[in-house]
1. Taking the mean number of other Cβ atoms within 10 Å as a proxy for protection, how do you rank 69-76, 218-225, 235-242 from highest to lowest?
2. For region 108-114, just list the computed ³J(HN,Hα) in residue order, Karplus coefficients 6.51, -1.76 and 1.60, θ = phi - 60°, integers in Hz, with x standing in for Gly and Pro.
3. Remind me, relative contact order of region 118-249 in percent, using alpha carbon pairs under 8 angstrom and six or more residues apart?
4. What's the ranking of 270-277, 79-86 by average number of surrounding C-beta atoms within 10 Å, highest first?
5. Under 16 Å from a point placed 7 Å out from the Cα of SER135 along the Cα-to-Cβ direction: which residues of region 221-240 have their backbone N that close?
6. Here is the link list: LYS146/LYS188; LYS36/LYS60; LYS188/LYS216; LYS224/LYS244; LYS204/LYS226; LYS59/LYS289. Which ones come out longer than 19 Å on Cα distance?
7. Applying a 10 Å radius around every beta-carbon, put 48-54, 167-173, 244-250, 179-185 in order of their mean neighbour count, most first.
8. Given 5 Å bins starting at zero, what is the percent of C-alpha pairs of the chain in each, up to the one with the largest pair distance?
Amino acid sequence: MYLTNQKINMKSTISFLLMVAMLFVGCSKKDKNTKKLITIKGSDTMVHLMSSLTEGYMKKHPEAQLSVTGGGSGTGIAALINGTTDICASSRDMQQKEKDEALAKGINVVEKIIAYDGIAIIVHPENPINELTLSQIKDIYTGKIKNWKELGGPDQKISALSRESNSGTFVFFQEHVLLKENFDPSVKLMPASSAISQSISQDKWSIGYLGLGYAKNANVKIIKVKKDDKSPAITPDHNTVLDKSYPIARPLFLIFNGEPQGIMLNFLEFILSEEGQKIVEETGYITLK
């Protein structure tokens, strides 16, 4: 009798321990799913925007964890292809060779436009130049124009600043302003948008280009841009970017591996909502409408 009771007690104890273990595993899985860290990597132009959006989203969804880092659109795209980030933030469309590489690695690229941006041409606040044509900007960055006097300014050498080649802004600028010509070797490549704005705020005769969200918050002057000599000089803002009258405008993307689901879908829906688009506008970027 004693042995029988002992066996029953042992079975009960084992059953109880199994139930506890199953509950623990179930809670752990649930916690892991709800607390999963979603990583967003890519465009330096979009870091401030994505940080503001993730902050707004996590206030409404404290169970979610989202992390934002920069490094450039090219770096973010490479990370998505290599499986080291969940979402890529990119200020340019993916190149065909990148799409081919992604396909070869089983990555189903899905691009979603979340906002628009104007690339602002910036100079020091005391620079007397107020407007430039696309052709003049191209000539500065390809080395054909090297002195401000050639543009109606003082006899001062131009110091042209650019982002590095892993930047989506660099790629877009080279394709749409330089018309795929190479940058002149004298152009200084800077590691981040903040480095460009800081340098220009200190160097009276420098010129650079930035995403509009960065330029608005920097101690610099935004130059008006003309498509050609006969066109009006246009300042980048909400209306001129959306109606495409400002000639250096572009969409901003989030890139996923497959159609977003779960937290990533919920986050995307938040960005596209009225609340999310208000954050886009407040951070200096251009909303979808």
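Readers should treat all values here as calculations from the given coordinates under stated rules, not as data from a laboratory. The structure presented is a predicted model; accordingly, all values stated were derived computationally and were not measured. All Cβ positions, even for glycine, are placed from backbone atoms using ideal geometry, and neighbour counts span all protein chains on display.
1. Taking the mean over residues of other Cβ atoms within 10 Å, the ranking is 69-76, 218-225, 235-242.
2. Taking θ as phi minus 60°, the curve returns 8, 5, 10, 9, 10, 7, 10 Hz for region 108-114.
3. 39 percent
4. Going by the mean number of other Cβ atoms within 10 Å, highest first, we get 79-86, 270-277.
5. 225-233
6. With Cα atoms farther than 19 Å apart: LYS188/LYS216; LYS204/LYS226; LYS59/LYS289.
7. Going by the mean number of other Cβ atoms within 10 Å, highest first, we get 167-173, 48-54, 244-250, 179-185.
8. 1, 5, 11, 14, 15, 13, 10, 8, 5, 4, 3, 2, 2, 2, 1, 1, 1, 1, 1, 0, 0, 0
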